[in-house]
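Notes follow once the structure below has been shown.
The values are calculated or read from the model by the stated rules, or taken from the named source; none is laboratory data. Treat the numbers as computed from the prediction; the structure is a model and nothing was measured. Positions of Cβ are generated from backbone atoms using ideal geometry, with glycine treated the same way; all protein chains shown enter the neighbour counts. Areas reflect the complete protein model, heavy atoms only, side chains present, ligands, DNA and RNA absent. Shrake-Rupley method; radii C 1.70, N 1.55, O 1.52, S 1.80 Å.
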Amino acid sequence: MTKTKSKLIAGTRNLNPGDKNLLLAFFSIAVLALALGIVFATMTAAGRTGLFGIESATAYRMLGLHGVTIFFYWLYFVQAGFVLLLAAVYTEGAGEVALRPLAWLGFVTMLAGMVSSESSYFGGTILLYDGNPSLLIDDPSEGRFFYLGYVLLSAGLAMVATCAIATAVRPKFRGVIESWTPISFAAVAWSGLLLVAAVAGANAFLPPLFWTLGLRESVAGYAMSWSVLFHNMHYLPLMATVVLWYVLMENVTGMQSVFGPKFSKIVFAIYMIFVPPTSLYHMFLEPDLAEAVRVVGSLLSLFIAVPTILVFVVIVASLESYARAQGGRGLFGWIKLLPWRNPVMAAVGMAAVNMALGGVFSMVLIQERLAVLLSDTFYVPGYFHFLTVGGISLTFIAALIYVIPSLTGHRCWRPAVLARLPYILTIGLGLFGAGGIAAGYHGVPRRIFELAYHVDDPVEHIDAPFVWGTMMGVIGAGSLLMAAVLAIYVYALLRMLFSQNREIGVDVASLYVVSWSGSAATRERAWVGPLSILAMVAAMYGFTALSFEILQRVPILVGAAGH
Amino acid sequence: MAEAAKPESRHFTLRPGFAVFVGLFVLTLYFLWAAYGAAPTSLSFLAEESAGPAPVTPMAGMDVQSASVENMAQDGGGAMTPDEFEEITLKFVEDLSLPDGSVQPTREWTEAMEAARGDGAQEEMDAAGPADAEEPIDVYLMAMRFSYEPRVLRLDRNVPYRFRMMSMDVNHGASIRAGFAGHIMRRPAMVLTEMVMTFSERGEFMIYCTVYCGAGHDQMKGKIIVE
Amino acid sequence: MKRLDTVLLGIVFIVWSALALMYATVPMIQMATAFRVWGFGAMLFLVLAILAAGAKRGSK
Ligand code: HEM
Ligand SMILES: [Cu+2]
């Protein structure tokens, strides 16, 4: 067992008490939002499977709360904390958060936002997390607190991102450093994108807020503004996740990218470059555009996956060549040398697997012609939970396992238990995702709770297929498993936040790691990264082809006659 | 990281260029799309500048957006306000209801309505199509919170129907469960959409809403009987 | 390495500006809202690129 020279742990411990309190504030609320989000998720899943006889109206409220709490507040509180932390710890010469009072103001604003959004559900709003204002035609005022919450979240986020940028920039201005480390460069880019998302948020949510307050006549254009924001919201947590993979793998193995720091920066910049154009692609598909433009448009949609794949290849290849230098053998044998007993390692490893699964299925849906088969079905939540739960949330949780004890000085709760959770979570997700994707292929809609669609009238009578219920059962079982695992994680994080008990647990700096800080075996092959990508792309081909085949067998011909 | 070996001595799998190459693998999915006719393939743009409507390979059940006639309605004579749509849908239901309450669209009704309207838009559209194509029969389907009108349609197999659909309040879906999959359709509010559909199998198909439209969203259900 | 930070952020600025302009001008696209957002983003990355170059020439 080696004591880590973890920069993340040491750097976090060295922060001044004021910064520690600030970061703890963000992470505490993040964990709270995660906990609430899981409770709402469980209720939603129970509603879908008809478990506790929850009625539709309540179930919709739970679905709305689940989406809002977890997709907005958990993901952005946790990102706010990490962007500040990485900027302060990984920028040489920074050592502390710049403009700390502004960051506190950002925190308070975001928290007020969370309270406002959540409370709107107790005032009976029927909105889901996407806040489509046209649903409020009967009584716009129902949506006031909902939009106010999102506006405050955007404002708070903008303040936090500004602080993160200031933190990274200050040492440059003081002449302490000339260039950033790849991680602080990534933190700057990430903060920039957070700021853009904040502007997109204000742009999307201010008009409906004014409308619900009676200060505006209409909310036309919301769909477009929302989609601009939503597109950013796909990328932000993803980028955060891959940055944290870099950081965490460095901390548990001692490895550095064998492609060098320059290339890491370039990859992060590629992330930024691809964000806006990939939101354009559907504009390019208009049938009366020039052929060349349409080809470019279709290709653009595929580029969405490129930056994430690139980061994955860089990390896996680096790990492989370090492991080979330590005597790792065989095509896959070296993987055993990774410190799987470390809960962070296990979580990041499984996060990569889940991300790949989610990636495969998202690339099927990206083909617009398949929308008629899969859009708005359970396929959609079926695949994206691989990304949001198994990829993104699991990575954030992994990072919190290192960071929270470093901030509080408490111990890491039962690392042996925590190191097993990622596998159980992946099994749960596998059930949820497989059930959900199969359900999607069978036409099971998302956002539906009365799945039986039963009507007594003899003429109108038609029951939803029996198999729909079966698949919901699989989804329900997966949900329970996921919820149980996440609940244990939340419990562990709460212990690390608040419990002084030193009998259970381990000092985070003593968690099992390997120290490969020597040199990498760059003369030897590193095939596992590329082969995984090959397998992923093959799976994309398989499922895309499967989808087209199913589509062609639907006994409805469209546009086959007439004009 | 400074100790990274000199590029020449590296295995090629550890060169940045190779990583980028691997990152671009995913773009080859384009070929599969093209093979299914779901992505533009023609390289004619290299030769000619002019745009013109791109050749879309027709495929069963693949018209995602369907023909939104919103624009057409603006220039042509076929504009339809929600009120007009409601009026004609109610007439459709009243004229064509069977004793059990289901609605059976007929060619006679379609032709009678066309004659009565005597507008150019419809004829223009017809004239544009192949002369020998069987003329579709009109079907009206109105979606509103939280039901469809009519609720039950009786259609014939292998006969083309021109579905004219409108959501009267907020966005809805009008998806049809057929075969073992769903045929998912979105119907934006207040916009007339039109789509010719032919059912190639007998059976009872469920119509259901797939766009969240409020607390009664999961009550929205109808039925198509194909015989 | 020294100038890489600025160069990369500058490239982001250039690509985003081009897109923002496209949103604003190409009639097919007509997305004023996207223009506002990405236009802001482009300006922001220009500022970041300048800040990244800030070393030495800064106050010190
Ligand atoms: C215990 C873990 C979780 C369970 C059991 C769960 C379950 C569900 C279920 C059953 C739905 C409803 C699907 C539908 O009917 O449309 C749903 C929706 C959703 N979930 Fe989760 N979820 C979990 C965790 C998460 C996490 C961690 C995130 C994001 C970080 C997330 C994001 C979402 C989103 C964005 C929706 C869509 C909401 C909507 O359609 O309005 N979920 N989830
Ligand atoms: Cu509806």
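Of the residues A:PHE185, A:PHE210, which is assigned to a helix (DSSP H, G or I) and more than 12 Å from every other protein chain (Cβ to nearest Cβ)? One residue alone meets the criteria, A:PHE210. Kindly establish whether A:GLU118 is touching a residue at least 40 places away in the same chain (Cβ under 8 Å) and under 28 Å from A:TYR222 (Cβ atoms). Answer is yes for this residue.
Scan region A:212-220 and tell me whether some residue there is open to solvent by less than 10 Å² (accessible area, probe 1.4 Å) and touching a helix residue (DSSP H, G or I) at 6+ places or on another chain (Cβ under 7 Å). There is at least one residue in region A:212-220 that is open to solvent by less than 10 Å² (accessible area, probe 1.4 Å) and touching a helix residue (DSSP H, G or I) at 6+ places or on another chain (Cβ under 7 Å). For region B:183-207, a residue qualifies if it is away from ligand 2 (no atom under 15 Å from the Cβ) and in contact with a Phe, Trp or Tyr (Cβ under 8 Å, 6 or more places away or on another chain), and the qualifying residues are B:LEU192, B:GLU194, B:MET195, B:VAL196, B:MET197, B:THR198, B:PHE199, B:PHE205. Based on what the data block shows, is A:VAL508 on the phi < 0 side of the Ramachandran plot and within 14 Å of chain B (Cβ to nearest Cβ)? No; evaluated as a whole, the condition is false for this residue.
Residue check: B:ASN158 meets all listed conditions (1) within 16 Å of ligand 2 (Cβ to nearest atom); (2) at pLDDT 90 or above but one, namely (1). Take the conditions (1) open to solvent by 10 Å² or more (accessible area, probe 1.4 Å); (2) touching a helix residue (DSSP H, G or I) at 6+ places or on another chain (Cβ under 6 Å); (3) not in a helix (DSSP H, G or I); A:ARG447 misses just one of them, which is (2).
Report, by residue number, each residue of region B:162-215 that is open to solvent by 10 Å² or more (accessible area, probe 1.4 Å), within 16 Å of ligand 1 (Cβ to nearest atom) and not β-branched (Val, Ile, Thr). B:ASN171, B:ARG186, B:TYR212, B:ALA215 - these are the residues of region B:162-215 that are open to solvent by 10 Å² or more (accessible area, probe 1.4 Å), within 16 Å of ligand 1 (Cβ to nearest atom) and not β-branched (Val, Ile, Thr).
One residue is enough: does region A:348-355 have a residue meeting the conditions outside any helix (DSSP H, G or I) and either farther than 23 Å from A:ILE424 by Cα or within 16 Å of ligand 1 (Cβ to nearest atom) (or both)? No: zero hits. Scanning region A:50-60 for residues that are surrounded by fewer than 23 Cβ atoms within 10 Å (Cβ to Cβ), of a type outside the set (Val, Ile, Thr) and part of a helix (DSSP H, G or I) yields A:SER56, A:ALA57. All conditions but one from (1) surrounded by fewer than 20 Cβ atoms within 10 Å (Cβ to Cβ); (2) within 11 Å of chain C (Cβ to nearest Cβ); (3) in a loop (DSSP other than H, G, I, E, B) apply to A:TRP180; the one that does not is (1). Taking the conditions (1) more than 7 Å from chain A (Cβ to nearest Cβ); (2) at pLDDT 95 or above in turn, C:ARG57 satisfies each one other than (2).
Being crowded, with 24+ Cβ neighbours inside 10 Å, farther than 28 Å from B:LEU27 by Cβ and out of contact with any helix residue (DSSP H, G or I) (no Cβ under 7 Å at 6 or more places or on another chain) is the requirement here; does A:SER406 meet it? The answer is no for A:SER406.
Just one of the listed residues (A:ILE335, A:ILE366) is more than 13 Å from chain B (Cβ to nearest Cβ), in contact (Cβ under 8 Å) with a residue 24 or more places away in the chain and more than 15 Å from ligand 1 (Cβ to nearest atom), namely A:ILE335. When you look at A:ALA538, is it more than 7 Å from chain B (Cβ to nearest Cβ) and either within 30 Å of B:GLU204 (Cβ to Cβ) or surrounded by 16 or more Cβ atoms within 10 Å (Cβ to Cβ) (or both), yes or no? Here the answer is no, as A:ALA538 does not meet what is asked.
The sole residue among A:ALA545, A:ALA526, A:ALA487, A:ALA520 that is within 24 Å of the chain's Cα centre (by Cα) and among the small types (Gly, Ala, Ser) is A:ALA487. For region A:369-401, enumerate the residues that are among the aliphatic types (A, V, I, L, M), within 12 Å of ligand 1 (Cβ to nearest atom) and within 14 Å of chain B (Cβ to nearest Cβ). Once the filter is applied, which keeps residues that are among the aliphatic types (A, V, I, L, M), within 12 Å of ligand 1 (Cβ to nearest atom) and within 14 Å of chain B (Cβ to nearest Cβ), region A:369-401 yields only A:VAL380.
Mind checking whether some residue in region A:32-42 is within 14 Å of another protein chain (Cβ to nearest Cβ), away from ligand 2 (no atom under 16 Å from the Cβ) and crowded, with 23+ Cβ neighbours inside 10 Å? The answer is no, given that none of the residues of region A:32-42 is within 14 Å of another protein chain (Cβ to nearest Cβ), away from ligand 2 (no atom under 16 Å from the Cβ) and crowded, with 23+ Cβ neighbours inside 10 Å. Of all residues in region B:140-154, those satisfying the criterion of being more than 13 Å from ligand 2 (Cβ to nearest atom), surrounded by 22 or more Cβ atoms within 10 Å (Cβ to Cβ) and more than 9 Å from chain A (Cβ to nearest Cβ) are B:TYR140, B:PRO150, B:LEU153.
Taking the conditions (1) modelled with pLDDT under 95; (2) touching a helix residue (DSSP H, G or I) at 6+ places or on another chain (Cβ under 7 Å); (3) closer than 30 Å to A:PHE466 by Cα in turn, A:GLU55 satisfies each one other than (2).
Checking region A:502-512 against the condition returns no match, with no residue being away from ligand 1 (no atom under 16 Å from the Cβ), open to solvent by less than 60 Å² (accessible area, probe 1.4 Å), touching a residue at least 12 places away in the same chain (Cβ under 8 Å) and farther than 30 Å from A:VAL31 by Cα. On inspection, A:ARG523 passes the criterion of being free of Cβ contacts under 8 Å to residues at least 60 places away in the same chain, within 30 Å of A:ARG341 (Cα to Cα) and of a type in the set (Lys, Arg).
Being outside any strand (DSSP E or B) and at the interface with chain A (Cβ under 7 Å from one of its Cβ atoms) is a property that does not hold for B:GLY182.
Sub-7 Å Cβ pairs linking a first residue in region B:152-179 that is closer than 25 Å to A:SER134 by Cα and in a strand (DSSP E or B) to a second residue that is within 16 Å of ligand 2 (Cβ to nearest atom) and of a type in the set (Asp, Glu), at least 6 apart or interchain, are B:GLY173/A:ASP376, ordered by first then second residue. Taken over region A:444-465, residues that are within 14 Å of ligand 1 (Cβ to nearest atom) and under 30 Å from B:ASP100 (Cα atoms) amount to 6.
Listed here are the residues, each with its yes/no results for (1) of a type in the set (Ser, Thr, Tyr); (2) part of a helix (DSSP H, G or I); (3) farther than 28 Å from A:ALA155 by Cα; (4) touching a residue at least 24 places away in the same chain (Cβ under 8 Å).
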| site | (1), (2), (3), (4) |
| --- | --- |
| A:ILE9 | no, yes, yes, yes |
| A:LEU23 | no, yes, no, yes |
| A:VAL31 | no, yes, no, yes |
| A:LEU36 | no, yes, no, yes |
| A:MET43 | no, yes, yes, no |
| A:ARG48 | no, yes, yes, yes |
| A:THR69 | yes, yes, no, yes |
| A:LEU75 | no, yes, no, yes |
| A:ALA103 | no, yes, no, yes |
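Of A:THR167, A:THR109, A:THR162, all but one fail to be closer than 24 Å to A:ASN232 by Cα and open to solvent by less than 10 Å² (accessible area, probe 1.4 Å); the exception is A:THR167.
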